[in-house]
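Colleague: Dumping the structure here so I can ask a few things about it.
Every number in this text was worked out from the coordinates using simple rules, so none of it is lab data. For clarity, every value in this text was computed on a predicted model and none was experimentally measured. No Cβ is skipped: glycine too gets one built from the backbone with ideal geometry, and neighbour counts run over all protein chains shown.
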Amino acid sequence: MNALEIKNLTKTFTGFKLDNLNLTLPSGCIMGLIGENGAGKSTVIKLILDIIHKEGGSIKILGKDNEESINLTKEDIGVVLDEVGIPECLNTKQVGKIMKYTFKNWDDSEYGRIIKKLSLPDDKPFKDFSRGMKMKLGIAIAMSHASKLLLLDEATNGLDPVVRDEVVDMFIEFTRDENHAILISSHIVSDLEKLCDYVAFLHKGRLLLCEEKDRLLAEYCMVHCSSEQLKILDDRFIKFKKVSPYGAEAVALRSMVPAGMPVSPVSIEELFVFMVKGDEE
């Protein structure tokens with residue numbers, strides 16, 4: 001079963017349109033929703049949760065229509081939004097006691113384990129938390145009620161590199177269970193490079209690409225050459241290119257690059273930057 005199926009999703013605001021978005025997230029996988037600020041990432045997650053209502057298309061969560069079953073499936077969804085909505089007077093212990101009566105599958109021991117792992121204080125009020133601490137608390141809550149799907153909006157934003165690495169390992173461990181899946185959005189592409197099985201590039205409300213990460217990295221490479229050398233390559237096998245007075249760069253099918261032409265591995269960040277620039281041109 002797919003954890004998430006989005007077909008022809010449309011939503012319009014003044015000056016912005018999410019335009020016929022199609023995504024499928026299989027169970028057991030992690031998908032990175034990558035886009036610059038304002039690309040529509042938060043809008044997609046709010047539409048999935050039915051916080052805002054779609055104008056067209058369909059959304060299925062764990063096989064069920066989101067509008068008809070969101071109240072039934074909320075136990076199965078762990079959510080971390082860009083702003084973690086916790087009353088400012090509460091500390092982590094008090095939050096745990098409240099969540100025990102919010103989620104029927106709440107696991108006190110798991111919550112305590114994650115709080116300790118992420119080095120969150122027991123008695124400090126939420127209003128005194130840094131942004132990174134707030135995100136860590138949101139992650140702890142999302143992962144402590146037997147969730148099957150995590151929806152994470154910029155959840156690694158504000159975390160220091162060591163904690164970010166620990167959180168990434170937690171997410172990878174979560175999806176070792178084939179009934180679990182994660183959709184995580186970020187404008188920091190490097191955060192998702194290690195983590196994701198699939199990547200989806202969103203730019204100004206349009207989906208530019210949605211593919212398996214490893215297939216993309218295996219099939220494509222960066223070509224570094226002169227503008228004249230670039231003409232040797234068949235345009236059919238070039239995904240994106242950039243030509244300047246100093247030379248040329250292109251993302252091309254690795255198997256179609258002539259022997260001897262300088263190439264290097266392509267990163268997800270390079271792919272995203274090239275696609276956005278190509279779309280704008």
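Colleague: With springs only between Cα atoms under 10 Å apart, run a GNM on the chain and tell me which of Ile182, Ile45, Ile232 wobbles the most.
Modeller: Ranking Ile182, Ile45, Ile232 by mean-square fluctuation puts Ile232 first.
Colleague: How tilted is helix 131-142 with respect to the longest principal axis of the chain? Cα atoms for both, answer in degrees (0 to 90, nearest 10).
Modeller: 70 degrees
Colleague: Where a ≥ b ≥ c are the square roots of the eigenvalues of the C-alpha gyration tensor, would you call the range 1-159 rounded, which needs a/c under 1.5, or, failing that, prolate if a/b is larger than b/c, or oblate?
Modeller: Because a/c hits 1.5 or more and a/b exceeds b/c, the range 1-159 counts as prolate.
Colleague: Once phi is turned into ³J(HN,Hα) by the Karplus curve 6.51 cos²θ - 1.76 cosθ + 1.60 with θ = phi - 60°, what whole-Hz value does each residue of the range 122-127 show in order, with x for glycine and proline?
Modeller: Whole-Hz 3J(HN,Hα) from phi for the range 122-127: 7, 10, 7, x, 4, 5.
Colleague: What do you get for the angle between helix 268-280 and the principal long axis of the chain? Use alpha-carbon atoms, 0 to 90 degrees, nearest ten.
Modeller: 70 degrees
Colleague: Let me check I've understood the local charge: for Ile61, count other residues with C-beta under 12 angstrom from its C-beta, Lys and Arg +1, Asp and Glu -1. What total comes out?
Modeller: -3
Colleague: Where Lys and Arg each count +1 and Asp and Glu each count -1, what net charge lies around Ser185 among other residues with Cβ under 13 Å from its Cβ?
Modeller: -3
Colleague: For the cross-link pairs Lys64/Lys97; Lys242/Lys277; Lys7/Lys194; Lys46/Lys124; Lys213/Lys239; Lys7/Lys41, which exceed 21 Å when the distance is taken from alpha carbon to alpha carbon?
Modeller: Over 21 Å apart, Cα to Cα: Lys64/Lys97; Lys7/Lys194; Lys46/Lys124.
Colleague: Between the range 64-130 and the range 165-240, what is the C-alpha centre distance in whole Å?
Modeller: Answer, in whole Å: 30.
Colleague: So, one more: Among Ala218, Ser42, Gly32, which residue has its Cα furthest toward the positive end of the charge dipole of the chain, with +1 on Lys/Arg Cβ and -1 on Asp/Glu Cβ?
Modeller: The Cα lying farthest towards the positive end belongs to Ser42.
Colleague: Show the residues, 5+ positions off or on another chain, whose built amide H is closer than 5 Å to the amide H of Leu150.
Modeller: It is Gly78, Ala181, Ile182, Leu183, by chain and number.
Colleague: Relative to the Cα centre, what is the charge dipole magnitude of the chain, using +1 at the beta carbon of each Lys and Arg, -1 at the beta carbon of each Asp and Glu, and rounding to the nearest 20 debye?
Modeller: Magnitude of the dipole: close to 320 debye.
Colleague: Count charges around Leu49 for me, please; just the other residues with Cβ under 11 Å from its Cβ, Lys/Arg as +1, Asp/Glu as -1.
Modeller: -1
Colleague: Rounded to the nearest 10 degrees, what's the angle between the helix 108-117 long axis and the longest principal axis of the chain, both from Cα atoms, 0 to 90?
Modeller: For 108-117 against the chain, the angle is about 50 degrees.
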